[in-house]
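One structure is given below, encoded as structure tokens.
The values are calculated or read from the model by the stated rules, or taken from the named source; none is laboratory data. It should be emphasised that the depicted structure is a prediction, and the values quoted were computed from it without experimental measurement. Cβ placement follows ideal geometry from the backbone for every residue including glycine, while neighbour counts extend to all protein chains displayed. The area values use the complete protein model at the heavy-atom level, side chains included, leaving out ligands, DNA and RNA. Shrake-Rupley method; radii C 1.70, N 1.55, O 1.52, S 1.80 Å.
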Amino acid sequence: MVTKTIFKRTSQLLEDLDVKINEVYADGNDMIKISEKALLIIDESIRKLKLLVSDHHFDHIAEEVLFFKKLKPQFISKFIYYSSVLDIEAHKPAAGNKTLKKYYEAEQEKLKNFYLEHSEFYSYYKREATYLDHKIFVRNSYDLKMKLSSGFYNYDPNFTTSHDHMIARFISNQQFDQYVKRQIEGSSEDTASKLLSPLSWSGSKVGLIELIYALYQMRCFNGGNIELSEVIKFVEKSLDCDLGNFHKTVFEIRTRKQGPTKFLQLVGDNLNQHFMTHEAE
């Protein structure tokens, strides 16, 4: 199988995975059940990804680096994220808001300690550096001067490089940090006293979902490290609206005869007309 086909199938696998995970959220708000179902789905996708690439030989180092630095971590990060959510929610004490707030703040402290422990490589990641990529994102190659995972030698060498798992940890930690922050805000004693948003959505609900989905696909929310369902919930709360079965709406947007970007085109046309009118004044 050629590398181009590998990349194409990987992208499709990731897109299908995102859709399936978002569908899990439609079953309710119990994060323990959601996490358990999501982990089963993610595990299946990772197994397919492993079969796809384990015996594949990349013709160029740059292609192998791209897969292990950019593509594979997107799958593994989801598994780590939902594992973390499952663990924190399954061990959450049955206590009042004050105790819960301290519980979640302790998780934030663990994240801070993790970044301190791996500050050198985190800096490499954040700066989007590349000078070590040929050593740390290529199979059967590593740099002993770099800190290696304690379980590195237990990994499958055909599906693992020395640092792709660390990239996945950084991605998942960013999403997990956002999750913990939301839980802290929800457990704050003054949450009930917060003012409601003065904004409400007065346009088409389908149009709003089209707009949200477009921004989501462009990774405009949290750098792409958030599920579509979480974005939908935030928008519903912020704009005092119920977007209903957004999965069905997204499917209908994709398949409608007049094209999937009807609302976005309308927004663009109106904005252009506005600017043209003011330029003429």
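Note on the range 20-38: residues that are surrounded by fewer than 18 Cβ atoms within 10 Å (Cβ to Cβ) and aliphatic (A, V, I, L, M) total 2.
May I ask you to verify whether Phe67 is among the hydrophobic types (A, V, I, L, M, F, W, C), over 14 Å from Tyr179 (Cβ atoms), out of contact with any helix residue (DSSP H, G or I) (no Cβ under 6 Å at 6 or more places or on another chain) and open to solvent by less than 30 Å² (accessible area, probe 1.4 Å)? Judged against the criteria, Phe67 is a match. All of Gln265, Gln273 fail the test of being without any contact (Cβ under 8 Å) to a residue 12 or more places away in the chain and surrounded by 11 or more Cβ atoms within 10 Å (Cβ to Cβ), apart from Gln265.
Looking at the range 243-258, which of the residues that are modelled with pLDDT of 85 or more and not in a helix (DSSP H, G or I) is surrounded by the most Cβ atoms within 10 Å (Cβ to Cβ)? It comes out as Leu243. Pairs linking a residue in the range 198-215 that is farther than 7 Å from Phe263 by Cβ to a residue that is among the aromatic types (Phe, Trp, Tyr), with Cβ atoms under 6 Å and 6 or more positions apart or on different chains, are Leu208/Trp201; Ile209/Phe246.
Looking only at the range 1-16, filter to residues that are assigned to a helix (DSSP H, G or I) and over 19 Å from Lys69 (Cβ atoms); which one of those is least open to solvent (accessible area, probe 1.4 Å)? Only one residue fits best here, namely Thr5. I'd like to check something: does the range 218-234 contain any residue that is closer than 17 Å to Gln74 by Cβ and among the hydroxyl-bearing types (Ser, Thr, Tyr)? So far as the range 218-234 goes, no, none of its residues is closer than 17 Å to Gln74 by Cβ and among the hydroxyl-bearing types (Ser, Thr, Tyr).
Results for (1) touching a residue at least 12 places away in the same chain (Cβ under 8 Å); (2) open to solvent by 70 Å² or more (accessible area, probe 1.4 Å), shown as yes or no for each residue.
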| site | (1), (2) |
| --- | --- |
| Gly96 | no, no |
| Phe121 | yes, no |
| Tyr131 | no, yes |
| Ser141 | yes, no |
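Against the test of being without any contact (Cβ under 8 Å) to a residue 40 or more places away in the chain, out of contact with any Cys (no Cβ under 9 Å at 6 or more places or on another chain) and not aliphatic (A, V, I, L, M), the options Glu63, Glu44, Glu36 yield a single qualifying residue, Glu44.
Is at least one residue of the range 210-227 polar (S, T, N, Q), closer than 14 Å to Val19 by Cα and surrounded by fewer than 17 Cβ atoms within 10 Å (Cβ to Cβ)? Yes, the range 210-227 has at least one match. With the condition kept exactly as written, say whether any residue in the range 44-59 is among the polar types (S, T, N, Q), open to solvent by less than 80 Å² (accessible area, probe 1.4 Å) and in contact with a Leu (Cβ under 9 Å, 6 or more places away or on another chain). Yes: the range 44-59 contains one or more residues that are among the polar types (S, T, N, Q), open to solvent by less than 80 Å² (accessible area, probe 1.4 Å) and in contact with a Leu (Cβ under 9 Å, 6 or more places away or on another chain). In the range 170-190, the residues that are closer than 14 Å to Lys98 by Cβ reach residues that are open to solvent by less than 20 Å² (accessible area, probe 1.4 Å) with C-beta atoms within less than 8 angstrom, at least six apart or across chains, in these pairs: Gln183/Tyr104; Ile184/Tyr104; Ser187/Tyr104. So how many residues does the range 200-238 have that are of a type in the set (Gly, Ala, Ser) and touching a Phe, Trp or Tyr at 6+ places or on another chain (Cβ under 6 Å)? Total meeting the criteria: 2. The set of residues in the range 64-115 being closer than 16 Å to Leu14 by Cα and polar (S, T, N, Q) consists of Gln74, Ser77.
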